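The structure appears below as structure tokens.
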Amino acid sequence: MKAIRFDATGGPEVLTLVEVDKPEPKAGQVLVRQQAIGVNFIDTYHRTGLYPLKLPSGLGMEGAGVVEAVGEGVTRFAVGDPIAYASGPIGAYAEFHVVAAERAVKPPEGIGAQVAAAALLKGMTAEFLLRRLYPVKAGQTILVHAAVGGVGQILVQWGKTIGAEVIATVGSQAKAEKARSLGADHVILYRDQDVAAEVRRITGGVGVPVAYDSVGAATFEGTLASLAKRGTFVSFGNASGPPPAIAPARLLQAGSVFLTRPTMGDYLATTAELDESAAALFGMIGSGHVKIDIGQTFALADARKAHEALESRETVGASLLVP
């Protein structure tokens, strides 16, 4: 089978398409014939070594397709079932991939492989951020950075469904229009405007009770200064580079605020949590409250181009590799 591998960390150029043996599922595992593969920022962190992997390595944690074979003891899936996964193991950039049956889900009828692969990791991230890490309530105002990215689009739509007032930040006028079309109440061009000053103006000087920041270094200070007293700063990505180290006293000075750096694995630690999160996401998609924007697709062989587009912030919505 064809798969993407890399032998050394670095830029997108380290990614190569190779021919490898098709894996066989062991006990508790299933073999997925992949129809769509999610491309996510965490993949770039693995490729660059920000999140180290043992090399040489495959890449990618998310995909969807059809069950090709099942290992001993698997009852959760049968051959021919639709399947999607978003928590690895690493190696999703391939025509076939072996995953643990207990860490995969069965998309409901009407949600195809491309939507599942585009939605699962990003959508379950949005689910735990909005519903469990900080349970957003109707009438609250939330700040969403990178609002037309894969996670950002879902946060905006889901937040509006809850009844929140959404302040979105984007990097261009074109993206501002997209954010408004998703339901954002206010849009800030973070490269041209003072984010914290605009947030204070919008909120009458109070600030927001929760801010979702996947950008990292470039937006960190503005996010911290945008929080209301006892607000929660959710730092969940590093698109512009890792955020700076911060002394605890700065949280006091910002209004006794909370800073958290969550990872999805800790919020989907059990199969029951995984199933509940995926069901909530698929319910939002099925109801039409959340629409999944597949902004761009690439052939598996073009994984390098996909990473170049993602890191240059040229992408809108989700990006997929199609084997």
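Please treat every number below as a calculation from the coordinates, not as lab data. Bear in mind the structure is a predicted one, so any value in this text is a computation, not a measurement. Ideal geometry is used to build each Cβ from the backbone, glycine not excepted, and the neighbour counts take in all protein chains shown.
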Original post:
For the stretch 137-261, with only Lys/Arg (+1) and Asp/Glu (-1) charged at the beta-carbon, what is the dipole magnitude about the Cα centre, in debye rounded to 20?
Top reply: 240
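Based on the Cβ-Cβ distance of residue 180 and residue 81, what FRET efficiency does E = 1/(1 + (r/R0)^6) give at R0 = 51 Å, to the nearest 0.05? Provide the component values of the computation, followed by the final result.
Details: r = 39 Å, r/R0 = 0.77.
The computed FRET efficiency comes out at 0.85.
How big is the Cα convex hull of the chain in projection, averaged over all directions, in nm²?
If I average the Cα hull's projected area over directions, I get 15.6 nm².
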**OP:** Rounded to the nearest 0.05, what FRET efficiency do residue 206 and residue 240 give with R0 = 22 Å and r taken as the Cβ-Cβ distance? Could you check?
**Re:** 0.25
Subject >> Exposure proxy order (Cβ contacts within 10 Å, fewest to most) of 250, 47 >> reply: 250, 47
**OP:** Could you tell me how many degrees, from 0 to 90 and to the nearest 10, lie between the Cα long axis of helix 150-162 and the main elongation axis, the longest principal axis, of the Cα atoms of the chain?
**Re:** 60
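Taking 0.36 nm per intervening residue step and subtracting the Cα-Cα distance, what contour gain separates residue 256 from residue 9 on full extension?
Working: separation 247, 0.36 × 247 = 88.92 nm, distance 3.91 nm.
Here the answer is 85.0 nm.
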**OP:** Set the Förster distance to 30 Å, then compute FRET efficiency between residue 189 and residue 276 from the Cβ-Cβ distance, nearest 0.05.
**Re:** 0.25
Original post:
With labels modelled as points extended 7 Å from the Cα through the Cβ direction, what inter-label distance (nm, one decimal) is found for residue 249 paired with residue 173?
Top reply: 4.5
**OP:** Specify the angular offset, from 0 to 90 degrees and rounded to the nearest 10, of the alpha carbon long axis of helix 173-182 from the longest principal axis of the alpha carbons in the chain.
**Re:** 80
Subject >> the chain: angle of helix 271-287 to the longest principal axis, Cα-based, in degrees nearest 10 >> reply: 70
Original post:
Just 52, 25, 89 to compare: in a GNM of the chain, with alpha carbon springs under 10 Å, which one fluctuates most?
Top reply: 52
**OP:** Would you please name the GluC sites (Glu not before Pro) within the stretch 219-323 that are DSSP coil residues with at most 14 other C-beta atoms within 10 Å of their C-beta?
**Re:** 314
Original post:
Put +1 on the Cβ of every Lys and Arg and -1 on every Asp and Glu Cβ in the stretch 1-150; which of 99, 61, 119 then has its Cα farthest towards the positive end of the dipole?
Top reply: 119
Subject >> Approximate spin-label separation residue 291-residue 313, in nm, with each point projected 7 Å along Cα-to-Cβ >> reply: 2.5
**OP:** Quantify how much of the Cα-Cα distance distribution of the stretch 1-86 extends past 23 Å, in percent.
**Re:** 31
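Gain in length, residue 18 to residue 72, computed as 0.36 nm per residue apart minus the alpha-carbon separation, to one decimal in nm? Spell out each step's value before the answer.
Details: separation 54, 0.36 × 54 = 19.44 nm, distance 2.90 nm.
So the chain would gain 16.5 nm between residue 18 and residue 72.
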Subject >> Peptide ranges 66-75, 292-301 listed from the most packed, as the mean C-beta count within 10 angstrom indicates >> reply: 292-301, 66-75
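Can you give the Rg to Rh ratio of the stretch 137-261, both from alpha-carbon atoms, with Rh computed by the Kirkwood formula? It would help to have the intermediate numbers written out before the result.
On the way: Rg = 13.2 Å, Rh = 14.1 Å.
Checking Rg against Rh, the ratio lands at 0.94.
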Subject >> Label-point separation, residue 305 to residue 2 (7 Å along Cα→Cβ), nm >> reply: 1.2
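Give me the dipole magnitude in Debye, nearest 20, for the chain about the Cα centre, with unit charges on the beta carbon: positive for Lys and Arg, negative for Asp and Glu.
Numbers: 29 positive and 31 negative charges, 158 e Å.
Around 760 debye, computed over the chain.
What do you get for Rg/Rh over the stretch 234-279 if you use C-alpha atoms and the Kirkwood form of Rh? Present the calculation step by step, with values, prior to reporting the outcome.
On the way: Rg = 14.9 Å, Rh = 13.1 Å.
My calculation puts Rg/Rh at 1.14.
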Original post:
Between 289, 197, 32, whose Cα lies farthest towards the positive end of the dipole of the chain when Lys and Arg beta carbons carry +1 and Asp and Glu beta carbons carry -1, centred on the Cα centre?
Top reply: 197
